[in-house]
Amino acid sequence: MADTADHKLFVLMISIHGLLRSENLELGRDADTGGQVKYVVELARALGKRSEIERVDLLTRQVIDKKVDPVYGEKEENISEGVNIVRIPAGPRRYLRKEVLWNYLDGFSDQVLQHIRRVEKVPDIIHAHYADAGYVGSQVARLLGVPFIFTGHSLGRVKKARLAEKGLEEPKMEARYNISRRIDAEEFALDTATFVVASTHQEIEEQYKLYEYYDPRRMEVIPPGVDLDRFFPPKRAAVREEVEHKINRFLDDPELPLVMALSRADERKNIETLIHAYGQNPYLKKNANLAIVAGNRVDIAAMDKGARKVLTNILLLIDKYDLYGKVAFPKEHQPEEVPDFYRLAARQHGVFVNPALTEPFGLTLLEAAASGLPVVATNDGGPNDIIGNCNNGLLIDPLNPEDMGKAIQKVVQDKHYWKKLSQNGLVGVEKFYSWKSHVSTYIPKLENVLKRRHYGREIISRYKSRMPTVDRIILTDIDNTLLGDTKALQEFLELLNQAEHHIGFGIATGRHLEDAIQTLNENHVPLPDFFITSVGSEIQYQHGEVEDRSWRNHLNYYWKPEKIYEILDEEPGLTRQPQSEQRRYKISYYYDAKKAPKKRQLMRKLREKKLRVKIIISRYMYLDILPIRASKGLALRYLSMKWGLAPERIFVAGDSGNDEEMLLGDTLGVVVGNHSKELRRLYGKPRIYFAEGKYARGIVEGIEYYNFLEEIRIPEEENDQTFG
Ligand code: GLC
Ligand code: MG
């Protein structure tokens with residue numbers, strides 16, 4: 001825990017899509033391998049350098065595919081001391097784009113739990129990036145009772161609005177982008193998050209605000225770091241000759257200060273107003289050059305409409321203001337040349353101009369600042385924050401060319417002023433926009449959270465889950481097994497109380513959660529580590545506060561409740577149980593064995609209507625219908641996989657039909673003395689002990705039989721071996 005000063009933190013980061021490796025990131029290789037990939041690797045590395053951090057595991061999806069580098073298939077890759085990339089298999093092994101990963105995320109979550117069990121250490125915090133990891137991270141954080149941090153990077157609701165503007169219809173958005181699953185995942189993550197890390201205030205106010213679980217009190221602006229190894233002032237390295245040539249071949253006097261814009265050829269980047277500003281300002285025309293670096297082009301006429309329009313207008317404006325010999329407009333450049341453009345402009349005592357109509361973040365401004373180049377930029381969220389912090393330039397109205405021209409003039413005209421801005425930018429970037437400064441804001445926030453230990457809008461937990469650290473589990477039914485004899489219950493509870501920390505406790509019941517909790521409370525039974533409720537159709541952890549979503553998602557298969565009611569309501573001897581017993585994945589009737597059809601007959605009727613379900617009769621009184629994938633037994637098997645516990649480490653006690661499936665198989669079963677007749681068919685089956693003791697006394701007897709609290713023994717099998 002964070003309350004001891006020397007406790008060092010274990011941070012679990014999750015970033016699922018794209019191609020992630022420790023170095024030579026393939027940025028821009030495809031739409032999923034871009035800024036976010038870089039962000040998470042830099043963040044992990046910077047965290048690893050801090051003394052407060054012991055370990056960072058950066059989890060991503062494992063990709064085994066001939067089309068990509070084999071490193072993306074490696075299970076682990078070291079980034080730096082204590083910092084590792086851990087690759088988790090999920091779905092097909094090949095490389096998949098992020099939009100089609102949704103169905104594999106529950107599997108990813110389960111693998112994350114396995115990883116945690118393997119490393120034998122529950123993280124102190126989970127930080128997820130983008131909607132997909134947000135979904136996984138929230139689920140795992142809830143299951144473990146660990147605080148959760150979310151960074152959206154970009155948001156589904158914003159994308160949806162943009163697609164709608166373009167005229168794309170909803171069914172297409174769904175087919176192409178699975179947009180509503182993305183938005184649901186984001187809502188879930190925002191609901192769970194202790195805090196959200198945003199890059200700018202505007203991102204919070206304009207983007208996160210679109211969400212139902214928007215809560216600005218839980219949002220922190222911590223800008224990402226600039227790559228200071230790539231972007232630095234001209235003093236440190238000469239400008240590549242090719243880059244210099246790309247600019248200078250246009251210019252009559254390359255020695256003049258260079259005013260530079262660098263952006264995509266996109267209307268919203270508003271390059272045209274900059275040319276008006278320059279062309280209409282006599283001082284600039286005489287004393288400065290202008291460089292427009294706007295992507296790459298071969299043949300403008302063959303480009304898509306948006307870019308074609310922008311590029312054509314630029315050429316027309318150069319002609320209109322007769323800027324030949326004054327404006328450089330290079331046709332192409334390589335991504336690795338970008339830092340040289342900034343350095344060239346800085347060397348020429350120029351200025352970087354970002355005239356975009358809106359600018360929520362403005363990474364280019366930071367790159368300019370890191371290169372020692374002062375900036376003039378649109379008065380909007382990103383530039384506001386940046387210039388506010390660094391004091392390295394001027395804000396302008398992007399629609400006012402005169403204003404823009406004057407601001408640029410002011411910067412290039414006065415050498416002292418220029419020097420001050422340049423210096424401020426260099427200092428400010430290091431102070432506010434390096435990864436080092438990012439983590440120096442981030443870590444105190446983390447520590448704060450760990451001190452408070454109340455998480456998110458809903459308090460997701462009061463304590464960390466024991467599940468990853470238990471090595472065996474006692475699982476029992478409630479009615480007629482745990483309860484029925486007060487003295488016997490007392491004996492069992494004493495045993496449980498003395499059991500060591502590595503022994504987990506679970507409940508599996510036909511009752512629904514609220515009912516189960518109330519019953520346990522009334523009988524002074526401590527709340528278990530997990531609940532299997534409603535006959536195995538639901539699983540909850542953390543005192544019931546956290547539902548296992550992946551279990552729920554897994555059940556929705558061949559499940560048509562209305563049809564089932566329609567058929568069974570007509571049958572004699574069946575009466576519906578109260579509404580509170582009818583659950584999303586459980587239909588329950590009272591069963592009158594004298595009048596009602598036998599189980600086999602009911603099964604046939606349902607099958608005739610193409611309904612595939614599970615029918616469970618208990619104590620000849622109750623009839624439950626469940627999806628074929630549900631039962632206490634299947635829920636238990638799922639749990640044992642999820643938490644990495646072998647079945648022989650799970651002790652199971654029950655008394656009636658709905659316990660049958662969980663008693664069968666490799667778990668260590670005990671049937672209490674007062675069992676219902678339908679369990680007689682388990683006589684003689686392996687690993688099922690029929691106790692003499694009734695109710696909880698039968699449980700105690702079974703625990704002793706298997707020596708379950710110490711070194712586990714399976715007596716019949718020992719005998720088999722001796723006599724076989
Ligand atoms: C519990 C439930 C009931 C169910 C029965 C048998 O009594 O409340 O709905 O039918 O267990 O599973
Ligand atoms: Mg029972």
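Quick look at the values:
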item	result
GluC sites (Glu not before Pro) restricted to DSSP loop in the stretch 143-176 with at most 14 other C-beta within 10 Å	GLU169
Sequence ranges 525-538, 272-285, ranked by mean other-Cβ count within 10 angstrom, highest first	525-538, 272-285
Sorted peptide list for 67-80, 123-136, 481-494, criterion being average Cβ within 10 angstrom, highest first	123-136, 481-494, 67-80
Of LYS235/LYS410; LYS610/LYS632; LYS487/LYS595, those spanning more than 30 Å from alpha-carbon to alpha-carbon	LYS487/LYS595
Charge-dipole axis of the chain as Lys and Arg at +1 and Asp and Glu at -1 on Cβ define it, positive-most pick from ILE564, LEU20, ILE408	ILE564
Cα gyration tensor category, rounded, prolate or oblate, for the stretch 240-433 with a/c compared to 1.5	rounded
Charge-dipole axis of the chain as Lys and Arg at +1 and Asp and Glu at -1 on Cβ define it, positive-most pick from VAL298, GLN542, LEU105	VAL298
Sparsely packed chymotrypsin sites (Phe, Trp or Tyr not before Pro) within the stretch 400-438, loop by DSSP, other Cβ within 10 Å at most 12	none
Partner aspartates and glutamates for LYS38 [C-alpha distance under 13 Å; skip if fewer than 8 residues away on the same chain]	GLU23, GLU26, ASP227
Crossing angle, helix 35-48 versus the chain [Cα axis fit, 0-90 degrees, rounded to tens]	70 degrees
Residues of type aspartates and glutamates that LYS614 reaches as a straight line, Cα spacing below 14 Å, ignoring anything fewer than 8 places off in the same chain	ASP624, ASP659, GLU660, GLU661
Hits among lysines - C-alpha to C-alpha of LYS464 under 22 Å, sequence gap 8 or more where chains match	LYS8, LYS121, LYS445, LYS451, LYS642
Dipole-positive endmost among GLY225, PRO171, VAL197 within the stretch 165-241 (Cβ charges, Cα centre)	GLY225
Protection-proxy order for peptides 192-200, 234-242, each taking the mean of Cβ atoms within 10 Å per residue, highest first	192-200, 234-242
Percent of C-alpha pairs per 10 Å bin, the chain, short to long	3, 13, 19, 19, 16, 11, 8, 6, 4, 1, 0
Spacing of the two label points (7 Å from each Cα toward its C-beta) at ARG236 and GLU716, in nm	7.2 nm
Calculated [θ] (222 nm, deg cm²/dmol) that DSSP helices of n ≥ 4 give over the chain, each run adding -39,500 (n - 2.57)	-11500 deg cm²/dmol
Label-point gap, in nm, between GLN579 and ASP403 - each point 7 angstrom along Cα→Cβ	6.0 nm
Check: the chain dipole with +1 on Lys, Arg Cβ and -1 on Asp, Glu Cβ, in debye	1460 debye
Distance from the stretch 7-63 to the stretch 543-597 (C-alpha centre basis), Å	45 Å
Crossing angle, helix 130-144 versus the chain [Cα axis fit, 0-90 degrees, rounded to tens]	40 degrees
Protein accessible area in the chain, 1.4 Å probe - carbon and sulfur %	48 percent
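The values are calculated or read from the model by the stated rules, or taken from the named source; none is laboratory data. Remember, predicted model here, so these are calculated numbers, not experimental data. Heads up, the Cβs are rebuilt from the backbone with ideal geometry, glycines too, and the neighbour counts pull from every protein chain shown. These area figures cover heavy atoms from the full protein model, side chains too; ligands, DNA and RNA do not enter into them. Shrake-Rupley method; radii C 1.70, N 1.55, O 1.52, S 1.80 Å.
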